[in-house]
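Working notes, beginning with the structure itself.
Bear in mind these aren't lab numbers, they're just calculated from the coordinates by the rules spelled out. Just so you know, these numbers come straight off a predicted model, no measurement behind them. Here the Cβ is made from the backbone with ideal geometry for all residues, glycine too, and neighbour counts use every protein chain on show.
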């Protein structure tokens, strides 16, 4: 008997997360050619779903496995706020050590206690940067009264309001509609998403701020996973691990590859200096402090704090 597995993402084909989901899919096809039939929905927004609908769509059985940004789950699983603390993950090696260690099993345990989902792995999709259509952002004063799209996350609007932005909580499909309608709204996201979603057609000012490292979780309905034969469980787990390791090779050069698409004649790209970055860091210490408490000392200690 062939078992159907429905995979789902919410980004265009070229994005880092889309590439990673394909790595996952290809591994399943290679190792379970006669056992599993893969149905691949690369971008559920094309099917009328918002990205934030992914967990419910998986729990309801519309899809079986998919990814979503960790920020969507931070409120229910506070340890995930560690990925929402600005300027905390100084480099990717630090992030990889975290998710490859006890942190992942701790978060997986929280998913079991609080949801009907199973955590398969944690992926990254690049450092998040500011972009807009009017002026360079070098200091907090450049953020004053500038509308900015934020994720559905409790901390993000607080952070950006502190910097002077006017946060507007929008899912990416809603944000794209606003841009196409002529609305002037800044954003912060990884360059792979900025480019592949077509945001670069509207925003020509890029500030390489690296204020957050974008992280996503690969999830599955737990009951479904537990009812699969052991062989399929093992291959799905191995596929998630394989995709995670392979995506890191792509991620290492993804930002550089994307930046090559932007001519200096049409795009102004500014990398924050250490002095400029410190202005943002200092401004965000107080509003983020309560969230360090939510994360907990044990989790922060995993970062060496």
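Quick one: order 98, 208, 80 by neighbouring beta-carbon count within 10 Å, fewest to most.
Least to most surrounded, the residues fall as 208, 98, 80.
With both labels modelled 7 Å from their Cα along Cα-to-Cβ, the residue 35 to residue 259 distance reads 4.4 nm. Would you give the gap between the C-alpha center of segment 52-114 and the C-alpha center of segment 198-265, rounded to a whole Å? Measuring centre to centre over Cα atoms gives 13 Å. Axis of helix 230-259 versus longest Cα principal axis of the chain: the two differ by about 20°, to the nearest ten degrees.
Residue order for 138, 97, fewest other beta carbons within 10 angstrom first, comes to 97, 138. Each of residue 154 and residue 237 was given a label point 7 Å from its Cα along the Cα-to-Cβ line. The distance between the two points is 3.2 nm. Counted residue by residue at 0.36 nm each, then reduced by the alpha carbon distance between them, the extension gain from residue 181 to residue 268 reaches 29.0 nm. Angle between the Cα long axis of helix 274-295 and the longest principal axis of the chain, 0 to 90 degrees, nearest 10? Long axis of 274-295 versus the principal axis of the chain: about 50 degrees. Counted by neighbouring Cβ atoms within 10 Å, the residues 81, 127, 96 run from fewest to most as 96, 127, 81. Relative to the current alpha-carbon distance between residue 300 and residue 133, full extension at 0.36 nm per residue lengthens the span by 56.5 nm. Axis angle, to the nearest 10 degrees, between helix 102-114 and the longest C-alpha principal axis of the chain: 70 degrees. Modelled spin-label separation between residue 50 and residue 279, with each label point placed 7 Å from Cα along the Cα-to-Cβ direction: 3.4 nm.
From largest to smallest, the equivalent ellipsoid semi-axes obtained for the chain from the alpha-carbon gyration tensor read 32, 22, 17 Å.
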